[in-house]
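Each remark here refers to the structure printed beneath this line.
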Ligand SMILES: *[C@@H]1O[C@H](CO)[C@@H](O)[C@H](O)[C@H]1NC(C)=O
Ligand SMILES: *[C@@H]1O[C@H](CO)[C@@H](O)[C@H](O)[C@H]1NC(C)=O
Ligand SMILES: *[C@@H]1O[C@H](CO)[C@@H](O)[C@H](O)[C@H]1NC(C)=O
């Protein structure tokens, strides 16, 4: 091959990569409020719910063109770190710290009622997930070294907590092991016929993955209160996943902030070749091999299943979510920022 031909191939590859990079942008839809958003639930390409501190909930029913912002009456001081929306009218919001509460609305956020409350000292709920529109789970920090788990069979109307002495439903935690309520995505459950699968990830002094009945230490930075795994994304059909985290007190550090997980037989780990470019609080699958992750110092995309990550924005986001029934991808973060990936 002539050298000019080689160069033309190289240049067309570079142009092609640049075009690919240019194709993706993060467009801010709303911002400028003194609210930190960490909860985000996208029902379809039009219906988006977000939640945050100071009792705040935002909702759009037009794909993010406009958002209605509301403060939940009587809960103005609470930090709603996770939201699970079922349609334009129905959603659950989960507050961190004491007392642990989950509220539900059936009228688009006008009225909220309490569906869960636990006044036990030390209660700290971290994240919810749903296998379908009725079966859900919430995870909380360990109480007396037992990880707190509650489940609902009816879209959050009633919650059932496992007995404290049940080590399968209430796994035992290590000292200093807890969960990050960073994006509502450190637990993922899935329904396959009548069979349920699930995973959740911990952080702190120890960072582990719990997948069905198996548990493994994660090769993610750990040992301090600010370190560990923040988020898990699982492709249950392909039996693989990706976790992200890092040290939120040192968000530029890329050391051990992401690992690919093979869940076929035993739990196996594969290190990325190019890590996400900082601490990451959330990761999500966009398609079979495309993933997005975000954190306080930026947003990365991978198009090879998580092996290589490309920084696409240096804007700060806490959470990134793909529509449950749709293709749109939204992000939310500090200063009431809500954005769409285009
Ligand atoms: C908003 O919430 C934060 C904590 O999440 C609190 O420090 C602050 O005082 C609240 N602001 C208002 C106006 O309630
Ligand atoms: C969710 O799954 C459960 C168990 O298979 C089933 O009983 C329930 O009807 C499902 N709910 C929805 C809304 O599909
Ligand atoms: C998903 O969206 C399509 C069209 O937007 C709709 O027809 C379908 O009923 C939705 N599926 C679910 C499970 O909501």
Checked the range 206-252 for anything out of contact with any strand residue (DSSP E or B) (no Cβ under 8 Å at 6 or more places or on another chain) and either on the phi > 0 side of the Ramachandran plot or part of a strand (DSSP E or B) (or both); matches are 214, 223
How many residues of the range 52-71 are in a strand (DSSP E or B) and more than 20 Å from the chain's Cα centre (by Cα)? The answer is 4
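Under the condition of being outside any loop (DSSP other than H, G, I, E, B) and within 16 Å of ligand 3 (Cβ to nearest atom), which residue from the range 36-51 is nearest to the chain's Cα centre (by Cα)? Quick ask: steps written out before the conclusion?
Taking the range 36-51 as the starting set, the residues that turn out to be outside any loop (DSSP other than H, G, I, E, B) are 37-42, 44, 48-51.
Of the ones still in play, those that are also within 16 Å of ligand 3 (Cβ to nearest atom) are 41-42, 44, 48-49.
Values: 41: 10, 42: 12, 44: 17, 48: 15, 49: 14 Å.
Looking at residues that are outside any loop (DSSP other than H, G, I, E, B) and within 16 Å of ligand 3 (Cβ to nearest atom), I get 41.
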Restricted to the range 253-273 and to residues being assigned to a loop (DSSP other than H, G, I, E, B) and loosely packed, with under 14 Cβ neighbours inside 10 Å, the residue modelled with the lowest pLDDT is 265
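The values are calculated or read from the model by the stated rules, or taken from the named source; none is laboratory data. Note that the coordinates shown come from a computational prediction; the quantities given were computed from them, not determined experimentally. So basically every Cβ, Gly included, is an ideal-geometry build from the backbone, and we count neighbours across all protein chains shown.
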